[in-house]
Amino acid sequence: MKRLEGKVALISGTARGQGRAAAVRFAAEGALVVGGDLLHEGAVETQRLIAREGGTALTPGPLDVTDEDSVRIWVEEALDAFGGIDIVYANAGAVRFEAIDTQPYADFAFTLRAELNSVWLTARAAWSHLVRSRGCILTVGSTAGLSGSLTNWRTAHSASKGGVIALTRQLAAEGAPYGIRANCVSPGMIDTDGFRANLLAQDHPMRDIARHIPLSRVGTPDDVVNAAVFLTSDEASYITGTNLVVDGGWSTVLPGAAH
Ligand SMILES: NC(=O)c1ccc[n+]([C@@H]2O[C@H](COP(=O)([O-])OP(=O)(O)OC[C@H]3O[C@@H](n4cnc5c(N)ncnc54)[C@H](O)[C@@H]3O)[C@@H](O)[C@H]2O)c1
């Protein structure tokens, strides 16, 4: 028996990175995947990858998780196709890094909309259907939501990801009476297209910081997706409101010289 057999799973941000890895893996675990992304072509390519492996996936149309109507239509398309929703994996996000004294307010607001408001909109749109299925929500936080950084100036990102972790706990509280579980997975530094373009770029100081990750490597999308499969499967049926950190130990140790 596959771990997500027959579950209808909405996953946002499936064009690339962790979202693509999640869509491919969830389908391999037997889920019926409903993907979506602003980068629609990429999400359709993910759907093709899944179909080639014999999995089931649907990508209804371009998805903008910051737009209330777009999210509502996405949920309706999933219901039309599969008749219900069991898992919502709010993965999509976009960020603008800058120091507080130079960051335009518009960039702070952009990041909050893309990383926090989007999760709330997605959870709300799917909520009544999760009540029916006694389903679950998985959000994506970050170690940025847990601690500050001397290297990466990111007030907007820290605020939004801290907000996602707090929002998830409240979703767990409000969902418990209906049998809805809500959990968060918080990646550390993961090698994806989005992060390779900025934090992991050759000349970025975060690249140097990455050498000090206790488990001696930057994470992969699959490292995060392994945790996601567990948290959304029935194996985690007694787990709600948690924040599972996937960071190679990065956030748990103080800076220091390795032996
Ligand atoms: N990569 C890391 O190191 C890292 C660390 C901590 C947390 N995260 C989080 O993991 C999640 C996935 O990030 P990733 O690393 O795969 O990044 P990525 O940039 O490679 O992928 C993000 C995807 O989300 C899509 N997206 C962005 N805004 C959207 C919108 N408004 N509507 C629909 N789709 C949208 C993008 O087009 C892209 O396909 C994000 O929430 C990110 O904040 C990443």
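Mind telling me which of the residues 98, 53, 41 ends up being surrounded by fewer than 18 Cβ atoms within 10 Å (Cβ to Cβ), within 13 Å of the ligand (Cβ to nearest atom) and modelled with pLDDT of 95 or more? Reasoning before the result, please.
Details: 98 fails: within 13 Å of the ligand (Cβ to nearest atom); 53 fails: within 13 Å of the ligand (Cβ to nearest atom).
One residue alone meets the criteria, 41.
State whether one or more residues within segment 54-75 are touching a Pro at 6+ places or on another chain (Cβ under 8 Å) and charged (D, E, K, R).
no
Just checking, does segment 207-228 include any residue being in contact (Cβ under 8 Å) with a residue 60 or more places away in the chain, crowded, with 17+ Cβ neighbours inside 10 Å and β-branched (Val, Ile, Thr)?
yes
State yes or no: is residue 132 out of contact with any Pro (no Cβ under 6 Å at 6 or more places or on another chain) and either within 15 Å of the ligand (Cβ to nearest atom) or under 19 Å from residue 242 (Cα atoms) (or both)?
Criteria not met by residue 132.
Output the residues belonging to segment 240-259 that are surrounded by 15 or more Cβ atoms within 10 Å (Cβ to Cβ) and not aromatic (Phe, Trp, Tyr).
Across segment 240-259, the qualifying residues are 240, 241, 242, 243, 244, 245, 246, 247, 248, 251.
Could you say whether any residue in segment 180-187 is within 10 Å of the ligand (Cβ to nearest atom), touching an Asp or Glu at 6+ places or on another chain (Cβ under 9 Å) and within 27 Å of residue 15 (Cα to Cα)? It would help to see each step written out before you state the result.
Residues of segment 180-187 that are within 10 Å of the ligand (Cβ to nearest atom), as a first pass: 185-187.
Remaining after also requiring touching an Asp or Glu at 6+ places or on another chain (Cβ under 9 Å): 186-187.
After this cut, where a residue has to be within 27 Å of residue 15 (Cα to Cα) as well, the list is 186-187.
Yes, segment 180-187 contains at least one residue that is within 10 Å of the ligand (Cβ to nearest atom), touching an Asp or Glu at 6+ places or on another chain (Cβ under 9 Å) and within 27 Å of residue 15 (Cα to Cα).
In the set 122, 155, 168, 111, which member is surrounded by 14 or more Cβ atoms within 10 Å (Cβ to Cβ) and closer than 20 Å to residue 227 by Cα?
Only one candidate passes the filter, namely 168.
Given the condition under 25 Å from residue 150 (Cβ atoms) and modelled with pLDDT of 95 or more, answer yes or no: does some residue in segment 223-230 qualify?
Yes.
Considering only segment 51-89, how many residues are under 16 Å from residue 14 (Cβ atoms), of a type in the set (Asp, Glu) and without any contact (Cβ under 8 Å) to a residue 12 or more places away in the chain?
Count: 0.
Can you tell me which residues in segment 59-72 are more than 12 Å from the ligand (Cβ to nearest atom) and buried (at least 16 other Cβ atoms within 10 Å of the Cβ)?
60, the sole residue that qualifies.
The values are calculated or read from the model by the stated rules, or taken from the named source; none is laboratory data. What you see is a predicted model, and the numbers here were worked out from it, not measured in a lab. Ideal geometry is used to build each Cβ from the backbone, glycine not excepted, and the neighbour counts take in all protein chains shown.
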